[in-house]
Structures are given as structure tokens and as C-alpha cells.
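**Q** Dropping a structure here in C-alpha cells format, bear with me for questions.
The values are calculated or read from the model by the stated rules, or taken from the named source; none is laboratory data. Treat the numbers as computed from the prediction; the structure is a model and nothing was measured. Here Cβ is always computed from backbone atoms with ideal geometry, including for glycine, and neighbour counts include all displayed protein chains.
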Amino acid sequence: MSASLTGPCILVSGEPLVVDPKHSSAAPYAAIGGLELPVRLVLTATSLTVQESVAIWDPTVAASLADQFDRSGLPLVRELSLCRDHRGSFGFSVRGGSECGLPVLVSKVQLRSSSESASGSRSGAGAGGGKSRLPALFVGDALLRIDQTCVDRATHEEAVARLRNAGQQVTLLVRHYRQAARILLSYHRRPSTATTATGDQVPLTSQLLNSQQKQKSQSSWANLMTVPLLYARLRCYAVGTDRPRPADCLEVVALSGHSTGCLRFLTKHQHTTCGTNISSSSINSGFQLAAVWRSAIINNIRRLSEIKSIEFNAYSSNEGASLAVHYANWFSLTLHENPLRSRLWQDVFLAMRGEDLLLFELPPVLATDWRSYSLKEKLYKCVIRVLPQQELLDKRSNAFFLHVGGGGEAFYMSASSSDEVQQLERCWFNATSAALNARARRGAPVMFKVTCQGVYGTLTFDLNRGVEFKSDPRSRRTAANSAQSTAQQQTNWVHSFSSLRRTSDDRDQTLYLHFSASSAEAPAVVRVIQAPDLQLMLIVLHAFLSSKLAAVDPLFHRHLAGAHNP
């Protein structure tokens, strides 16, 4: 059962939702080969189907026209000659032209008897006899040359004039376009033999296609493509660039890379000849319908992703591993420091599982796919820095830096909406807190080899104990005696996270930790730390402080994630 979508898009009881051009004030159009083809969308819990309108013909006639060119075995580009029939017609009709942004296309071809047939293609087309024969010309052929005149960029009237002024025989150079043939055939109400003396018709335009669609007495909807929504993504920018798509456009890309193409939501009177002005009132309805469908599709994608995460979590629990999936979603990534110059973007899949942050080229579908990551790092060794509008490096909005580890590696990424950025931050804070709490329960603190005020030792971060420094009795150590020397270390000082008042650093290797003294009258205690990997230490310290604050204020993560949005 399906319903026409004219209001909010809500999936109820698993029934599909439909936007039908016949029953909606604004309808989607698919851009195919320069044409905007009216389509119908059907959204279910697991897939999005794009349907095209197909006229109901006599089955025998439809069978004779469908895939004729594929069965002919002819090359795409070929030269052929045609003779006029007893009515003075070459037996075909044309549409399109440069004024419509299209080549001049053959839209109808008469089935002609052998007595009045063309002399045929020089590749061998049209050979044979009998009552009817395979035509030398096919619907979807584009005229490249008429006799010795190139018409690949001619207007409709120029091409028709050339055909009208040709002699009893004309030589054509044509190229076949299969997709154009499908579109042109779909708009035939019924194959007709009525043509003008030269077989010409009015130019093919969006307005004409729309008017012919309304004149159809009978039509049905056929599936053009179906996109599974599991791990699908919406593409808001032109592929690989920072050029945003219009707000009334929508494109859904499946896990396999299969795409719906660019779907544009227009009101019916918007779907007119190229260059027509569009009123603001008509724009609003197309924008609103696109927003409704975008929201519904995103909700279904999230729901399927959550179900898949639950399956992975159940599997890891059965295996005895604590590898819960906290978050999984698509983002765009550029590895170039100056996207304004390169603008090369690619889609990556980001996931948080257990204590790890992972990047994939393709999402994990099976449990074994989690080993196919392209990058893996501990959550508490990563930090997300959302950029305000004035700091964006190119035209992509909702951008952020993902700093990974202490090597200074930073990924410039962008999300499709501000809601996705906020959700990413909240999930990162929650997942990091869960990871650090799990380490605290296992008695596994995070340690760094440092020098504190001239004394070599280990600086330890632990949620339960706080910040602790243990000196090493030997100033020089090797990997062989690392475990033995760690056991011999003595605690020099311990401070709780709550006593840490502020930090400062020289952006090189020195970190200053300012702790409050045990008594209010005593001055603050300053610990000077020399760390070879200062950047990583600051990232880890930030993660511990966020986790401690979240334990005191459960709304801390929500406030922090929303602080970037006015």
C-alpha cells in the first residue's frame, strides 16, 4: 500500500511513502542526459525507489521498439542513406536542438516496407526483405551531419530546413544514445505513422514533455532504480568539489556507489523551457518538499545504521569482547592543507567502537570487516575542533578538524548538516568517557615518559587518582628493563583533577600545570613538565578533564557540543 505525499513525510507501520507528480503541488524530476524527466519516489524503511512514467502500449508494438538498436549489432556512430517515400517524407521525426541544450534527436521512425525502404546503412543496416524490415534509423539517434553539413550544434529549425531542402536521397551521419531513446520512447502515447512531408516536429523541450505527459490517457510507473538505505549517504555537493547543490536538489548514494542522480523538486509550472524565470513562491514549495524528503531519508538511514550497530554489539558480547559501536556515519574528507587550491574531496566512513576511532573507505558490513580500516587510533588520543564560519577553508560548511595522535596529523572534514556535527561531538565525548572509565576499572591508566623539574619519570593520568608523577631511579632506560624500572618507580606527587586550576605551555615541549594548594592561604603549586610529545599529552589531558566534568555535570557534553552553534 502506498500513499501520495503532500505533507510531512512520516513512515508509519512500514508502509512506503510516495511522491506522485499527479497528486503533488511539487514533484521531483531526474536530470538524465540534459533532460529533466518526471519521476516518482517511493520511500520504505530499507530503500528509496525512483520510478519513471511509462505509457501503456500494445505489447506487440512495444516489443518491436524496445532495444531494437541493441539487437541490430550496429556501431554507435554510423553513416546511412535514406530515400523519400511516395509522400515525400524520409520516414522519421526529430526533436531537440541547440536552443534546448540538446542535439537534434530522432524521436519517431516509420516501419517501412521493402518497396519504399531506405538504401540502408553503409554498415549493413536494413538488409533483408519481407513485409517490414529493421529500420536504418533508430529512435535516440542524434544527427551529426546531413549530407556534407555538420548539424551537431544546429538548432531544430536549421536541421529541419536541411532535411526539407535535401534531394530525393539524403546521407546522414548519426550517433545512437540509448538513454535518450528510452526517454523519447516513454513519451510516445502510441506509435504513429502520421508525419509531415519532411517528418519534422516541434523542438523537444521540458514544456512539451510535460504537456505530453498530461495528455496520456493511460500510464504506469516502472522502477528506474532502487537504492538500499543501509549505510547510504546524501550528497550535498558536486562530486569531489566544494560546490553546493541547490536546496531543492537531492541525491542519495548507496553503499555500492550506485546513485539516484540529482533529483530536483519543482512545482509543475516550474518545469518549463530552459531560461524561464522562476517565481519565489514556486521555489519555496520545491525547497520545502526537498527538505521533507531529505529529513525522512536521513531518519531511515540512521535507523538502519543503529540496527546494524546493535547487531555488531550483540556479536561482540557473545564473543566476550567489549567493543560496543558508539557511532558510525559518512563524512567528507580532504587531505590537502589548502582545499581552496585543490578542492579534492572524498567520502569516508567514521566509526567509534570500543576505545577506538576508525576511518574506513567502505563501512563494515560483516564482523570481519572491522579489520579493514584505513586509520585506527584511541579515542582519548583524538580531538575534534569545529570551525566557525569565518575560519572555513572553502565553501563547504559544517567543517571541522579531526586531530589524531601526537604526530600533528589533522584531517579537514565536513558533515552534511550542523546536526550531524553536534551528534558527532556528543558521541565522541560519551565514547571517550566510556573508554576512560573502562580503563580505570581495569587499572590501566594512560602514561607518558616525561621530565618534571629535572627529574625523569612517568606522568600518569587516571580518573580515580588524578595526575601522578613517579620518578625513575635511573635516568636512562632501555626497552629491555622498562617493566622492571616501572616497578621500582616512586611516587613524587599526586594531584586530583579537581585541584587543577589552569595549564599553559610554550608550544614546544614544556607544560605548566597549576594546582591549588592544600590550604587556601598557600600559593598555587606549579609543576613544570618536559614532554617530547606535548601535543598528544594535551589531547589526552583534555579528554580526562572532559570525562571528569561529565561525571559532575551530566549536561556538560550537550552544552559543549552546542557551544559552536549560535
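**Q** Taking the stretch 256-270 as the region of interest, how many residues are among the polar types (S, T, N, Q) and either at pLDDT below 85 or part of a strand (DSSP E or B) (or both)?
**A** Qualifying residue count, the stretch 256-270: 3.
**Q** Name the single residue, out of those in the stretch 162-186 being in a strand (DSSP E or B) and hydrophobic (A, V, I, L, M, F, W, C), that is nearest to GLU52 (Cα to Cα).
**A** Of everything passing the filter in the stretch 162-186, VAL174 is nearest to GLU52 (Cα to Cα).
**Q** Same structure again: Just to be sure, is GLN179 more than 18 Å from GLY73 (Cα to Cα), modelled with pLDDT under 90 and either assigned by TED's automatic domain parsing to the domain that holds ARG84 or touching a strand residue (DSSP E or B) at 6+ places or on another chain (Cβ under 9 Å) (or both)?
**A** So GLN179 fails the test.
**Q** Can I ask one more? Does the stretch 509-533 hold any residues that are farther than 17 Å from LEU459 by Cβ and either out of contact with any Phe, Trp or Tyr (no Cβ under 9 Å at 6 or more places or on another chain) or among the β-branched types (Val, Ile, Thr) (or both), and which are they?
**A** SER516, ALA517, SER518, SER519, ALA520, GLU521, ALA522, PRO523
**Q** A further question on this structure: Return yes or no: is ASP141 farther than 30 Å from GLN51 by Cβ and either at pLDDT 85 or above or buried (at least 18 other Cβ atoms within 10 Å of the Cβ) (or both)?
**A** no
**Q** Right, another one. Of all residues in the stretch 540-566, how many are over 15 Å from GLU425 (Cα atoms) and at pLDDT 75 or above?
**A** Total meeting the criteria: 6.
**Q** Please find, among VAL365, VAL383, the residue that is loosely packed, with under 14 Cβ neighbours inside 10 Å, in contact (Cβ under 8 Å) with a residue 60 or more places away in the chain and under 25 Å from VAL325 (Cβ atoms).
**A** Exactly one of VAL365, VAL383 is loosely packed, with under 14 Cβ neighbours inside 10 Å, in contact (Cβ under 8 Å) with a residue 60 or more places away in the chain and under 25 Å from VAL325 (Cβ atoms), namely VAL365.
**Q** Answer yes or no as to whether VAL160 is modelled with pLDDT of 90 or more, in contact with a helix residue (DSSP H, G or I) (Cβ under 9 Å, 6 or more places away or on another chain) and in the same structural domain as ARG78 (by TED's automatic domain parsing).
**A** In short, no.
**Q** Here is a follow-up. Among the residues of the stretch 413-461, which ones are hydrophobic (A, V, I, L, M, F, W, C), touching a Leu at 6+ places or on another chain (Cβ under 8 Å), in a helix (DSSP H, G or I) and buried (at least 18 other Cβ atoms within 10 Å of the Cβ)?
**A** Once the filter is applied, which keeps residues that are hydrophobic (A, V, I, L, M, F, W, C), touching a Leu at 6+ places or on another chain (Cβ under 8 Å), in a helix (DSSP H, G or I) and buried (at least 18 other Cβ atoms within 10 Å of the Cβ), the stretch 413-461 yields LEU424, TRP428, PHE429, ALA431, ALA435, LEU436.
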